[in-house]
1. Just give me a number: lysine pairs in the chain, eight or more positions apart or cross-chain, with C-alpha atoms less than 23 Å apart.
2. Roughly speaking, what is the stretch gain from Asp73 to Asp27, that is 0.36 nm per residue apart minus the C-alpha to C-alpha distance, in nm to one decimal?
3. Could you give me the ³J(HN,Hα) list for the range 60-76, computed from phi with Karplus coefficients 6.51, -1.76, 1.60 and θ = phi - 60°, whole Hz, x at Gly and Pro?
4. Could you tell me the calculated FRET efficiency between Ser122 and Arg19, based on Cβ-Cβ distance and R0 = 25 angstrom, to the nearest 0.05?
5. Loop-only trypsin sites (Lys or Arg not before Pro) in the range 39-123, please: DSSP not H, G, I, E or B, and at most 13 other Cβ atoms within 10 Å.
6. Over the range 58-123, average the accessible area per residue using a 1.4 Å probe and give it in Å², no decimals.
7. Report the gain in length on full extension from Lys100 to Ser57: 0.36 nm times residue separation, minus Cα-Cα distance, nm rounded to one decimal.
8. Ignoring ligands, DNA and RNA, please state the percent of accessible area on the chain from carbon and sulfur, probe 1.4 Å.
Amino acid sequence: QVQLVESGGGWVQAGDSLRLSCTASGDAFDNYVMGWFRQAPGKERELVAAISWNSASTHYEDFAQGRFIISRDNAKNTGYLQLNSLTSEDTAVFYCAADKLWPKVASGKADSWGQGTQVTVSS
């Protein structure tokens with residue numbers, strides 16, 4: 001099982017951008033599908049985007065399409081989520097997750113999760 005640590009969160013103004021990172025250890029990162037999730041205050045955790053082990057396939061939820069970009073660098077054991085055109089509605093704790101099976105990541109049932117990184121967007 002891979003261990004995950006997120007970084008890159010912070011406080012930004014509406015319209016700004018952030019790049020989140022997810023660094024993996026403990027197993028070969030390129031064995032895993034990776035996903036990013038977020039949980040806003042008082043809301044359930046939701047999928048943001050997912051990427052296959054070789055970056056050949058990506059998926060974005062509707063709210064992320066066109067604004068957020070998921071990517072990965074297997075040589076660095078790191079995944080990324082570029083957040084653009086942020087609004088106050090994007091304020092949430094962002095989590096990365098990994099699993100060897102795409103359906104488990106997509107359904108939020110991945111075996112490995114990071115501790116989360118807070119993104120706060122001020123309007």
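1. Summing the qualifying lysine pairs gives 4.
2. 15.1 nm
3. With the stated coefficients, the range 60-76 comes to 10, 5, 4, 5, 9, 4, x, 10, 10, 10, 9, 7, 8, 10, 5, 5, 9 Hz.
4. Efficiency computed from Cβ-Cβ geometry: 0.85.
5. For trypsin sites (Lys or Arg not before Pro) across the range 39-123 that sit outside H, G, I, E and B with at most 13 neighbouring Cβ atoms in 10 Å, the list reads Lys43, Lys109.
6. Ligands and nucleic acids excluded, the figure is 49 Å² per residue.
7. Answer, rounded to one decimal: 14.1 nm.
8. Here it works out to 46 percent.
The values are calculated or read from the model by the stated rules, or taken from the named source; none is laboratory data. Nothing here was measured: the structure is a model prediction, and the numbers come from that model. Positions of Cβ are generated from backbone atoms using ideal geometry, with glycine treated the same way; all protein chains shown enter the neighbour counts. Remember, those area values only see protein heavy atoms, side chains included, never the ligands or the DNA or RNA. Shrake-Rupley method; radii C 1.70, N 1.55, O 1.52, S 1.80 Å.
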